[in-house]
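Computed from the coordinates by the stated procedures, all read-outs in this text should not be read as laboratory data. Bear in mind that the values here come from a model prediction, so they are computed numbers and not experimental data. Ideal geometry is used to build each Cβ from the backbone, glycine not excepted, and the neighbour counts take in all protein chains shown.
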């Protein structure tokens, strides 16, 4: 019975060691998956925020256009504001595009 007991202990030790390696490998894989998942969520969030900011800027510029239209196209300040807002959006679009190219 002693020999059988040693064989069972050896088998149990090998199973424990295999489970340890498998556990470590699975944990590493899970960490890699989560890192990629987190990066994808961050990137999608950034894109959604950038789109919302640009949409809000365009809405503000449209308000300026509407004010200008109320005054028959003679409100120089409203025209200037609309152009300034759109110029800012265009420069940010260019910066975002440049940042994406460097990734």
Handout entry: Dimensions (Å) - segment 48-100, Cα atoms, principal axes, largest first
Key = 41, 17, 9
Completion exercise
FRET efficiency for residue 63 and residue 97 from the Cβ-Cβ distance with R0 = 30 Å, rounded to 0.05, comes out at 0.70
Practice task
Name all residues of segment 47-66 having a backbone nitrogen under 14 Å from the label point set 7 Å from the Cα of residue 79 along its Cα→Cβ direction, giving them as ranges.
Solution key: 65-66
Practice task
Would you mind computing, in nm to one decimal, how far apart the modelled labels at residue 45 and residue 88 are, each placed 7 Å from Cα along Cα→Cβ?
Solution key: 2.4
